[in-house]
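The block underneath contains the structure these notes are about, expressed in structure tokens.
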Amino acid sequence: LFGPAVVIDVSREAAENADYAATLEDLQRWESDHGDIPSGAIVLIRSGWAQRWRQGDTYYNVDAEGQLHFPGFGEEAATFLVNERDIAGIGVDTGSVDPGNTAGFPVHGIVNGSGRYHLENLADLSALPESGSYLVVAPIKIQGGSGGQARVFAVIP
């Protein structure tokens, strides 16, 4: 899988609100700066959460009641990407494309239900520019599976 990378930086918002859900306004702000999201794009949320990867429980940020708290895509943003832009997929540097405190995985349903894919637990998006790079996604082959590991490479001109 190959496509232009669109990096939506919500790291400031995520630092203030662990449950931040990327909004339609975040996407519109990106488009105001860079133009329309290109056809075949892989839209990534850079929350800064990857820096927590080696910090054990802080990555999933589980509270005393067992609720997860980490950023992801909001439903309105996911619906816009699927219905209004010709994206290939979405990705995050957190444990799920849905924010950790979301019940029922609505973003999974919106994106996967439209035949697009999503990438989770991306190692580090800090080196990627907001536009101008390309991703190569090399998933392992799993017959009948719903997901699995992938190697994701960025090409930065």
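Applying 0.36 nm per residue to the separation of Ala123 and Asn83 and subtracting their alpha-carbon distance, the gain on full extension is 11.6 nm.
Taking a ≥ b ≥ c as the square roots of the Cα gyration tensor eigenvalues, with a/c under 1.5 meaning rounded and otherwise prolate when a/b beats b/c, else oblate, which class fits segment 57-136? Oblate, since a/c reaches 1.5 and b/c is not below a/b. Around Leu119, which amide H atoms from residues at least 5 apart in sequence, or from another chain, sit under 5 Å from its own amide H, with H modelled in the peptide plane? The answer is Ile90, Gly91, Val92.
Near Phe2, the amide H atoms lying under 5 Å from its own belong to Val137; only residues 5 or more places off or on other chains count, and H is placed 1.01 Å from N. Its relative contact order, with pairs defined as Cα atoms under 8 Å and 6+ residues apart, puts the chain at 28 percent. Take every Cα pair under 8 Å whose residues are at least 6 apart in sequence, average their separation, divide by the length of segment 72-157, and the relative contact order is 26 percent. From the phi of every residue in segment 29-40, what ³J(HN,Hα) in whole Hz does the Karplus formula 6.51 cos²θ - 1.76 cosθ + 1.60 yield, where θ is phi - 60° and glycine or proline is x? In residue order, the calculated couplings are 5, 4, 5, 4, 7, 10, x, 4, 4, x, 4, x Hz. Ligands, DNA and RNA left out, the accessible area of the chain computed with a 1.4 Å probe is 49% carbon and sulfur. For segment 80-89, 3J(HN,Hα) computed residue by residue from phi via the Karplus equation (6.51, -1.76, 1.60; θ = phi - 60°) reads 4, 4, 6, 8, 10, 10, 8, 7, 8, x Hz, glycine and proline entered as x. The HN-Hα couplings worked out from phi for segment 45-59 by the Karplus form 6.51 cos²θ - 1.76 cosθ + 1.60 (θ = phi - 60°) are 9, 9, 9, x, 5, 4, 5, 8, 3, 8, 9, x, 5, 6, 5 Hz, whole numbers, x standing for Gly and Pro. For segment 4-83 and segment 85-156, write down the distance between their C-alpha centroids in whole Å. Segment 4-83 and segment 85-156 have Cα centres spaced 11 Å from each other.
Taken over the alpha carbons of the chain as equal point scatterers, the Debye sum produces base-10 log I(q)/I(0) values at 0.10 Å⁻¹ of -0.32. Taking the Cα centre of segment 19-157 as origin and assigning +1 to Lys and Arg Cβ atoms and -1 to Asp and Glu Cβ atoms, the resulting dipole is close to 660 debye. Counted residue by residue at 0.36 nm each, then reduced by the alpha carbon distance between them, the extension gain from Asp36 to Glu16 reaches 4.4 nm.
The values are calculated or read from the model by the stated rules, or taken from the named source; none is laboratory data. Computed from a predicted model, the values in this text were never measured in an experiment. Note that each Cβ is placed from the backbone with ideal geometry, even for glycine, and that neighbours are counted across all protein chains shown. Just so you know, the surface numbers come from the protein's heavy atoms only, side chains and all, with ligands and any DNA or RNA stripped out. Shrake-Rupley method; radii C 1.70, N 1.55, O 1.52, S 1.80 Å.
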